[in-house]
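The values are calculated or read from the model by the stated rules, or taken from the named source; none is laboratory data. Since this is a predicted model, take the numbers as computed values, not measurements. When we count neighbours, we look across all protein chains shown, and the Cβ atoms used for this are built from the backbone with ideal geometry, even at glycine. Surface accessibility is based on the protein's heavy atoms, side chains included, excluding ligands, DNA and RNA. Shrake-Rupley method; radii C 1.70, N 1.55, O 1.52, S 1.80 Å.
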Amino acid sequence: MTSFETSVENLVLVAGATGGVGQLVVGKLLEKGLKVSVLTRNAAKAEEMFNQRVEIAVGDIRQLSTLPDAMPNVTHIICCTGTTAFPSARWEFDQTPNLLEWGITFLNPKSSEIKAKNSPAKVDAEGVSNLAVSAPRNLKRFVFVSSCGILRKDQFPFSILNAFGVLDAKQKGEESIINSGLPYTIIRPGRLIDGPYTSYDLNTLLKAKTGGKYGVVLDTGDALSGDTSRIDVANACVECLSYPSSSNKIFEIVNQGQRPPVIDWETLFSRLK
């Protein structure tokens with residue numbers, strides 16, 4: 001049987017490829033010699049960032065009609081999309097909120113009156129659902145970067161993080177993937193650390209190493225807390241595609257304990273319940 005790494009038939013579609021984790025995911029896939037398609041709203045930005053080493057699929061997960069054209073020949077999807085947990089310019093408000101609207105936002109942060117094109121509800125819930133609906137029915141794996149705290153939204157600090165509904169939206173995204181019937185891996189990192197924080201050139205991405213001295217810990221049941229290197233999250237996204245033991249699993253990932261010379265992903269995935 002041809003391995004995932006060497007199969008010429010595989011095409012991995014990365015959504016959110018120009019973000020911090022997404023950039024690293026693309027770099028790791030290219031490092032393995034895999035064919036990569038980048039789903040983006042800005043083709044010029046993606047072409048410059050990845051030095052024309054990826055296929056470009058123009059589309060927007062928030063607009064279902066734009067997604068089918070991105071799906072031909074796609075065998076795997078890695079979704080690293082996201083927005084800020086709290087209102088910011090990245091939410092792309094329909095218009096600059098006035099004082100009354102800001103008051104509604106902060107007094108009732110999950111109000112349906114909040115009009116923004118890039119809120120967690122639009123990206124993490126509706127957008128991820130659109131991606132799952134549009135995915136090929138013979139997809140080999142749908143990988144989704146979610147968040148620790150999904151099952152602890154009433155507990156500190158996750159209650160603060162979820163003040164504007166980001167964990168609610170992530171959970172809806174998870175549920176849409178699970179209910180789609182597609183094989184999936186859902187990865188829930190803790191507080192993200194390590195770069196890139198802005199766009200890097202491809203050579204830098206290929207050389208990216210975690211600056212942390214801590215090991216990688218995986219667990220299920222949403223019991224872990226702590227920091228997680230973006231680099232380790234990206235590695236988990238890519239490595240899980242090679243191991244059947246990670247299929248149809250939801251797990252948390254944090255950095256704890258002493259870091260070994262090499263992370264044994266096969267063993268880590270095999271221990272998941």
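Conditions tested, residue by residue: (1) touching a Leu at 6+ places or on another chain (Cβ under 7 Å); (2) assigned to a loop (DSSP other than H, G, I, E, B); (3) touching a residue at least 12 places away in the same chain (Cβ under 8 Å).
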{"position": "Val38", "(1), (2), (3)": "no, no, yes"}
{"position": "Glu47", "(1), (2), (3)": "no, no, no"}
{"position": "Ala57", "(1), (2), (3)": "yes, no, yes"}
{"position": "Arg62", "(1), (2), (3)": "no, yes, yes"}
{"position": "Ser65", "(1), (2), (3)": "no, no, no"}
{"position": "Asp69", "(1), (2), (3)": "no, no, yes"}
{"position": "Val74", "(1), (2), (3)": "yes, yes, yes"}
{"position": "Ile77", "(1), (2), (3)": "yes, no, yes"}
### Query
Within the stretch 227-270, can you find the residues that are part of a helix (DSSP H, G or I), hydroxyl-bearing (Ser, Thr, Tyr) and surrounded by fewer than 22 Cβ atoms within 10 Å (Cβ to Cβ)?
Ser242, Ser245, Thr267, Ser270
### Query
If you go through the stretch 24-33, how many residues are of a type outside the set (Asp, Glu) and open to solvent by 10 Å² or more (accessible area, probe 1.4 Å)?
4
### Query
So Phe86 clears everything in (1) under 16 Å from Gly16 (Cα atoms); (2) out of contact with any helix residue (DSSP H, G or I) (no Cβ under 6 Å at 6 or more places or on another chain) except one condition, right? Which one?
(1)
### Query
Taking the condition open to solvent by 60 Å² or more (accessible area, probe 1.4 Å) and within 17 Å of the chain's Cα centre (by Cα), does Arg53 pass?
no
### Task
Quick one: count up the residues across the stretch 17-32 that are out of contact with any Cys (no Cβ under 9 Å at 6 or more places or on another chain) and among the basic types (Lys, Arg).
1
### Message
When you scan the stretch 118-127, do you find a residue that is farther than 19 Å from Lys249 by Cα, out of contact with any helix residue (DSSP H, G or I) (no Cβ under 7 Å at 6 or more places or on another chain), aliphatic (A, V, I, L, M) and open to solvent by less than 50 Å² (accessible area, probe 1.4 Å), even just one?
### Response
yes
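Condition check ((1) open to solvent by 20 Å² or more (accessible area, probe 1.4 Å); (2) hydrophobic (A, V, I, L, M, F, W, C); (3) outside any strand (DSSP E or B)) across all residues:
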residue	(1), (2), (3)
Arg152	yes, no, yes
Phe156	yes, yes, yes
Ile160	yes, yes, yes
Ala163	yes, yes, yes
Leu167	no, yes, yes
Gly173	no, no, yes
Ser176	yes, no, yes
Thr185	no, no, no
### Query
Which condition number does Gly59 fail, the rest of (1) closer than 19 Å to Lys140 by Cα; (2) modelled with pLDDT of 90 or more; (3) touching a helix residue (DSSP H, G or I) at 6+ places or on another chain (Cβ under 9 Å) being met?
(1)
